[in-house]
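Asker: The structure follows.
Values in this text are rule-based calculations from the coordinates and carry no lab data. Since the model is a prediction, treat every value here as computed from it, not as a measurement. Virtual Cβ from ideal backbone geometry, glycine too; neighbours counted across all protein chains shown.
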Amino acid sequence: MPGRTLLRRIRIGALQQGDEGVLVVGVIIAKRQSRSFAGKDGHTRFVAEMTIRDSPQDWINVTLWMANEVLAEALDANYHVGDVVEIAQPKVQLKESEPKFSPTVSSPFQLTFSDPPSSIMKHPERRPDLQRLLQVPTKSLAYFCTLADIHTNPHIQAGNEVDLLGAIRAVGPTRKFKTKGRPEAKEREVREIRLFDQLSSNLILKLWDFEWIHMADDWTPTQDILFLADVRVDKDDFRQCKVVTATSRTIIAINPNIEEAKHLATYARHANFSLGAQVERSVSTIDYQTIRKVSNIVTLQDLTNTGGISGESDFPSIVFGYITKMDLDGDVGKIVHLRCSECHSIIPVATKLCSNIDCQAFNDHNFVQRQTPKWNLKMDVSDSTGTLENCRVDGDAATRLVGKIEEFVDLSEADKTSLKWRHFIQPVKLWLVILLPNMDRARSSTVILNWNPVTLDEFAKDTPIPPIQ
């Protein structure tokens, strides 16, 4: 590099406005594709942007101005997130107070690269100390959202920027298209990534930038964790749900070295996306003791038929009614389930052998299943206005209703029938939740969270008056 001996290497945290003849070394943590525009002199110019970092505390935005397409294409092709670069003779200027189209950075300055006299090259030595910075989030961990917050928090609106921690559930293909009505427009690309965490099984992340789209080729479902700084919340009109989009302000840390990511990675390796598991995750966030609203069944039926309340993913309520169907004396294999601790397929309680041919525990008598049997109890609930059919009964509520699993399976058929009819003739107060349709559930689902027998006086006093048809 000509004149390199005259340069002063300065760390990002030590930069001062107006510094000249400096050399800055850092790892690229974000990069935007170059774009062209016509200058005032009529000549086409090219500009690209990147963000570099040289310590956990210091990172800065770099704007690169280039006079011709060859340089722009070379920059796009040869420099990527994760590369350690040397930037020589940039201008050191005060940054905008709140940059609208660039990542939030720690430095009060920005670097401006103009060719000439500025130059950029890859650092000639391996720098694991700098590349480890790719795993350090650029935003505080105190304020990141859960994926469930995006779906359910009414204060998070389309257009808001949020920070998220999510595991990769699926990496979609890259789709190419041209903007409608603009035949001269360049072909664009978009890619969708499905994320999940401990409380939500699905949130779509949209990638529009070349750099992130091609980095996603190396992302592995259930193995890689992303910390997303400043992704934008959008409304997907086709799916009728919220999604998030990586923009020019977004920085993505892959497999961040933080405790929260380690916990999520452990969970992700054994994640279960079956409908039953999704229901369990949703129900686990609801405390039945906080439910105050009392509804009759026709109101809840109207709710499920119309798709629920805008912005709500579940509807908890209290119902006074009767249990009108509960097949306790049916096939015990339909009432009690055991799932394989490797692949989560349902396996017979009697044999405890997995029948999934793709599972490493397939028909293995020596494999010790680490999961205990769980209730798969369902019932119909009725009042004077209608019936909620096929309601799932949460595990704790099922145990209170019919006893422990190991005791229930030993009951005679006559005892099971007697137990069933004992509950049929008694008015009850039921705490339940309607889980409304979403990206993973095509239909609504009703879950009984708790129950208590009530007197006829309580039943009459607290049951809502049916609506007039």
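Asker: Taking the Cα centre of region 142-293 as the origin, how large is its charge dipole in debye, to the nearest 20, when only Lys and Arg (+1) and Asp and Glu (-1) carry charge on their Cβ atoms?
Answerer: So the magnitude is around 620 debye.
Asker: Moving on to the next point. Test of understanding: ordering Trp208, Trp431 by Cβ neighbours within 10 Å, fewest first, what list do you get? Numbers along the way, then the final one.
Answerer: Working: Trp208 15, Trp431 22.
So the ranking, lowest neighbour count to highest, is Trp208, Trp431.
Asker: What trypsin sites (Lys or Arg not before Pro) does region 1-78 have in DSSP loop regions with at most 11 other beta carbons within 10 Å?
Answerer: Answer in residue order: Lys40.
Asker: Based on the Kirkwood radius over alpha-carbon pairs, what is the Stokes-Einstein translational diffusion coefficient of region 131-171 at 10 °C with 1.306 mPa s viscosity, in µm²/s?
Answerer: My calculation gives 130 µm²/s for D.
Asker: For Ala14 and Asp237, what is the calculated FRET efficiency with R₀ set at 41 Å and r taken between the beta-carbons, to the nearest 0.05?
Answerer: Once rounded, the FRET efficiency stands at 0.25.
Asker: Using a cut-off of under 12 Å, list every residue of region 66-82 whose amide N is near the label point 7 Å from the Cα of Gln131 along the Cα-to-beta-carbon line.
Answerer: Zone members listed by number: 82.
Asker: Taking the Cα centre of the chain as the origin, how large is its charge dipole in debye, to the nearest 20, when only Lys and Arg (+1) and Asp and Glu (-1) carry charge on their Cβ atoms?
Answerer: 800
Asker: Over region 105-157, one equal point on each Cα, no solvent: what is log10 I(q)/I(0) by the Debye formula at q = 0.15, 0.18, 0.21, 0.26 Å⁻¹?
Answerer: -0.79, -0.90, -1.00, -1.12
Asker: What shape does region 4-133 take by its C-alpha gyration tensor, where a ≥ b ≥ c are the square roots of the eigenvalues and a/c under 1.5 counts as rounded, a/b above b/c as prolate, and the rest as oblate?
Answerer: Numbers: a/c = 1.43, a/b = 1.33, b/c = 1.08.
Rounded, since a/c falls under 1.5.
Asker: Largest first, please: the extent of the C-alpha atoms of region 54-196 along each principal axis, to the nearest Å.
Answerer: Extents along the principal axes, in whole Å: 51, 45, 33.
Asker: For Ile335, Ile10, which order do you get if you count the other beta carbons within 10 Å of each Cβ and list the fewest first?
Answerer: Ile10, Ile335
Asker: Another question about this same structure. Arranged by the count of other C-beta atoms within 10 angstrom, fewest first, what order do Lys420, Lys122 take?
Answerer: Result, fewest neighbours first: Lys122, Lys420.
Asker: Size of region 141-269 along its principal axes in angstrom, Cα-based, largest extent first?
Answerer: Result for region 141-269: principal-axis Cα extents of 49, 34, 24 Å.
Asker: Here's another thing I want to ask about it. Efficiency by 1/(1 + (r/R0)^6): what FRET value for Phe424 and Asp287, r their Cβ-Cβ distance, R0 = 35 Å, to the nearest 0.05?
Answerer: My answer for the efficiency is 0.75.
Asker: Distance from a point 7 Å along Cα→Cβ of Lys374 to each backbone N in region 247-274: keep the residues under 11 Å and list them by number.
Answerer: 272-274
Asker: Between Thr399 and Arg188, what FRET efficiency comes out of the Förster formula 1/(1 + (r/R0)^6) with R0 = 60 Å and r the beta carbon distance, rounded to 0.05?
Answerer: Working: r = 55 Å, r/R0 = 0.91.
My answer for the efficiency is 0.65.
Asker: Pairs to check: Lys95/Lys139; Lys334/Lys461; Lys404/Lys429; Lys95/Lys262; Lys40/Lys206. Give those whose C-alpha atoms are more than 27 Å from each other in this structure. It would help to have the intermediate numbers written out before the result.
Answerer: Values: Lys95/Lys139 18 Å; Lys334/Lys461 37 Å; Lys404/Lys429 21 Å; Lys95/Lys262 35 Å; Lys40/Lys206 35 Å.
Pairs exceeding 27 Å: Lys334/Lys461; Lys95/Lys262; Lys40/Lys206.
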